[in-house]
Amino acid sequence: MKATAPPGDWGYRDERDWGYGDERPALGSWSAFAAWTGRFAGLAAATVAGLLALSLLAQAVAAAAFHNVTQAASFHLELPPISEFGALAERSVVYSSEGVPIAVLHDAVNREETTLEALPDHVWQAVLTAEDRKFFEHSGYDIEGIGRAALTNLQARGIAQGGSTITQQLAKVAVGSDLSYERKIEELLYAMALEQRYSKEELLERYLNEVYFGAGAYGIAAAAEEFFATTADRLRIEQAALLAGLIRSPSRLDPRRDPGAAEIRRNSILAGMEREGYLDAASAEVLRSLPLGVVPRRAEVVREPYIVEAVKQEFFRNPAFGETRADRIERLFSGGLSVYTSIDPNLQRIAETLVRAHFPGRDGVTASIASVDPRDGRVLAAAFGRDFDAEQFNLALQGRRQPGSAFKPFVMAAALEQGFPLGLTLEGRSGTEFRAEYLTEPWAVSNFGNASYERLAMEPALARSVNTAFAQLMMMVGPEHVLDLTDRLGIDRRAYGGQANPSIALGGLDIGATPMEMASAYGTFANAGVRTTPHVITHVVDDRGEVIYEADGNPTQAVAPEVNAAMVEALKGAVRSGTGTAAQLSGWEVGGKTGTTQENRDVWFVGFTPVMSTAVWIGNPDVREDLHGMSSSRTAAPLWREYMLQALARVDPVPYPDADVDYTVVRTGEQVDVPDVRRLHEIEAVSAIVAARLVPEIRPTPSGAPRGTVVWQSPNVGQSASVGDVVYVGVSTGVPPPPDPPPPASADPAPAEESAEEGEAEPQPEPEPEPEPEPPPASEGDEGGEAG
């Protein structure tokens, strides 16, 4: 559609041209004759004044040019290219994964750009009637308008009125709006330049998108939505007339504040459209009788406030959207972007409904559910049981809590990476003390319910969540190796509070992990050891319709395939027959782990299928209180199952991507040399044996050697062993053994055997202690060895 000049122009800008409001005086009366006479006299005076003003302007320009010439400088008008109009601040829209708008983001400027071709003719006709009836005739300035302004300014003895055309209003954005003759000259020259460079249609379109209509609405599209809850292409004639009338004084003519003034102004625009030939008399009369039809001011509703907040934070962190955080904020709120998210509205609704159904209170104990697609990192749901308006915080994405025994799989995976075999047997006795050079005192560890077990391998230790086994495994692996693994799995180092100690084996993090971090980390196991970065934003489209950003999840092999396959089997075992049996799903092979912190303050279940990894956390986000009657196996795991049953209701089960990976390589450790630890202190000996990836087993030995000194070892130095094998170490008690009874008098004394080294006792490995009876496998509701 090409905008055309109006069919006729009487030169009337608005009702103030006549001074009679909406009605033109009827012809054939003395008052009409006086009005017409006054009118033409005014026109003549204004025209003369306008010509005079232009003459003065020309003299000013000529003087400036002459001055510049004398200064050997050129005087010319630099015409800005279209890009120097400057990009209009335009609101951005956030969409769900289904393409449904869930939020509109903007700062003080709420604008949505449109095109002239998309608008009905009566929209721009109403605006020209209100603001610049000679728009299609002038070259950027209106002599009559300048004349009226000049007469007003002479009477006021200063700059009181500008007489600006639409083109001059556009120029004003570039040159400023201070009231001075110099600025007005610059504005006029700039407007003339714009008229030479751009078509009338381009200028009019720019104006319709730029002008302010009040109530925070910039541009005709935002105004249509704000005042009539419609789109610009559906504006009716009387609606367009009301909006056009607001441009001159959006605050004074606000139809919500003063509907009477707004109606008078609207009707004057309709009368002007009739005079310009845009409307016939009958239509104009009907339209003037219609109510304003302005909708009440609506609070902007964000459909998914928690998700929109996540979008903001992710956008602000991503350098792809700007060099600085300030640049990114400006771009999101003013860049006219379409931001598409990964959130599945159905899953988000399921998660929020379940959390609020199980924990309806606004305060106290609540829950959070975080789901991610492990294959590409798309965040599918992030629910928290608190009201966003009250909290402005989403624990699923931002809250850090102690993960408890849900951290044990990371210790096991780090051990397998270090070469420790799956068959490695670990301590199961509750109350065991562990020592290391970096510990100031022995670390005493108990199992849940103070249950004791015979020595057991990693897989059953994980299934039963045996604390002592994983404390020992951590002492052998070292906190730094676990920290390195969790780095690769996406657990932020802030979780550790700047330091890592052996207690992280049991989830004793100084700060804690977020539910989304835990879901994503477990999702790496579900995805053949390939970690994908969790993200809420899938792609972003700019105001020109071009995709400027597309997330790919940044897939990275974080865990070796054979180690990962072993972890999947171990975590499936924890659900099949361990503490996570309440999370079983028919048709799906579920892997997962329970987690409970000390004093029962946080309970977790983190589990995965090949297509979805989900973390459930339950606790009080305000204070750390004992969750009486709740546990990870009896509360968190069933909630996880209830959510996943609905989330996967229409999804067919598929196998894990590494289902065929042979992980037997991690069942047997490689051969290593046994270190010589004789005469070392117990702690030094333990460190040396652990450094060789062997398992120290201390045997108190009566000896006169200093207390805590190693007096024998088995295997001996120089022998080889497999990674994970036990090295028995005899440690002196500091008390020598009682002397042997004297031999019979008749017997000849036998020659004493020489020991391996003078002063050293013969290696005397002691037999294994009698095994304690093994408890039955943990049933539903029994957390086995998990921490209390």
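Which lysines have a Cα lying under 21 Å from the Cα of Lys134, excluding residues fewer than 8 positions away in the same chain?
Lys2, Lys172, Lys184, Lys200
If you put +1 on each Lys and Arg Cβ and -1 on each Asp and Glu Cβ, how big is the dipole of the range 614-691 around its Cα centre, in Debye rounded to 20?
Using Cβ point charges on Lys, Arg, Asp and Glu, the range 614-691 gives about 280 debye.
Determine the shape class of the range 365-412: with a ≥ b ≥ c the square roots of the Cα gyration tensor eigenvalues, call it rounded for a/c under 1.5, and otherwise prolate if a/b is greater than b/c, oblate otherwise.
It comes out oblate by the Cα gyration axes.
Considering Cα pairs under 8 angstrom that are at least six residues apart, work out the relative contact order of the range 428-531 and quote it in whole percent.
That works out to 21 percent.
What are the lysines whose alpha-carbon lies under 17 Å from the alpha-carbon of Lys312, with same-chain residues fewer than 8 places away excluded?
Lys312 reaches no qualifying lysines.
Under 5 Å between amide hydrogens, which residues at least 5 positions from Leu380 or on another chain qualify, with H placed 1.01 Å from N in the peptide plane?
Amide H to amide H, under 5 Å and 5 or more residues apart or across chains, Leu380 pairs with Ser371, Val372, Asp373.
What nm distance separates the two modelled labels at Asp121 and Ser283, each placed 7 Å from Cα along Cα→Cβ?
Result: 0.8 nm between the two label points.
If I compute solvent accessible area with a 1.4 Å probe over the protein chains, what percent of it on the range 573-690 is carbon and sulfur?
Working: 2370 of 5100 Å².
Its accessible area is 47 percent carbon and sulfur atoms.
What is the extension gain from Asp676 to Thr230, computed as 0.36 nm multiplied by their sequence separation minus the C-alpha to C-alpha distance, in nm to one decimal? Mind dumping the intermediate values first?
Working: separation 446, 0.36 × 446 = 160.56 nm, distance 8.38 nm.
Residue separation times 0.36 nm, minus the Cα-Cα distance, leaves 152.2 nm.
Mind running the shape call on the range 304-366? Use the C-alpha gyration tensor, a ≥ b ≥ c as the square roots of the eigenvalues: rounded below 1.5 for a/c, prolate if a/b tops b/c, oblate otherwise.
Here the range 304-366 falls in the prolate category.
Quick one: with all protein chains in place, what share of the accessible area of the range 425-480 is carbon or sulfur, to the nearest percent (1.4 Å probe)?
On the way: 990 of 2130 Å².
Roughly 46 percent, rounded to a whole number.
With every protein chain kept in place and ligands, DNA and RNA left out, what is the accessible area per residue of the range 703-746? Probe 1.4 Å, answer in Å².
Heavy-atom SASA per residue in the range 703-746 reads 55 Å².
Measuring from label point to label point, each 7 Å out along Cα→Cβ, what is the Glu546 to Ser722 span in nm?
Distance between the two pseudo-spin positions: 6.1 nm.
Compute the FRET efficiency between Leu585 and Arg650 as 1/(1 + (r/R0)^6), taking r as their Cβ-Cβ distance and R0 = 22 Å, and round to the nearest 0.05.
Given R0 = 22 Å and the Cβ-Cβ separation, E is 0.95.
Would you mind working out the accessible area per residue for the range 470-574, using a 1.4 Å probe, and quoting it in Å²?
32 Å²
What accessible area per residue comes out for the range 303-438, rounded to a whole number of Å², with a 1.4 Å probe?
Details: 4930 Å² over 136 residues.
Solvent-accessible surface per residue comes out at 36 Å².
Rounded if a/c is under 1.5, else prolate if a/b is larger than b/c, else oblate: which is the range 320-457, with a ≥ b ≥ c the root eigenvalues of its Cα gyration tensor?
Cα axes put the range 320-457 in the prolate bin.
Roughly how many percent of the accessible protein surface of the range 209-335 is carbon and sulfur, given a 1.4 Å probe and a whole-percent answer? Working shown, then result.
On the way: 2900 of 5650 Å².
Roughly 51 percent of what the probe reaches on the range 209-335 is carbon or sulfur.
By per-residue mean of other Cβ atoms within 10 Å, what is the highest-first order of 631-644, 591-604? Intermediate results must be reported in sequence, preceding the final value.
Numbers: 631-644: 23.6, 591-604: 26.4.
Peptide ranking by packing, descending: 591-604, 631-644.
The values are calculated or read from the model by the stated rules, or taken from the named source; none is laboratory data. What you see is a predicted model; the values in this text were computed from it and never measured. Quick reminder, even Gly has a Cβ in these numbers, built from the backbone with ideal geometry, and neighbours come from all protein chains shown. The accessibility values were calculated without ligands, DNA or RNA, using every heavy atom of the protein model including side chains. Shrake-Rupley method; radii C 1.70, N 1.55, O 1.52, S 1.80 Å.
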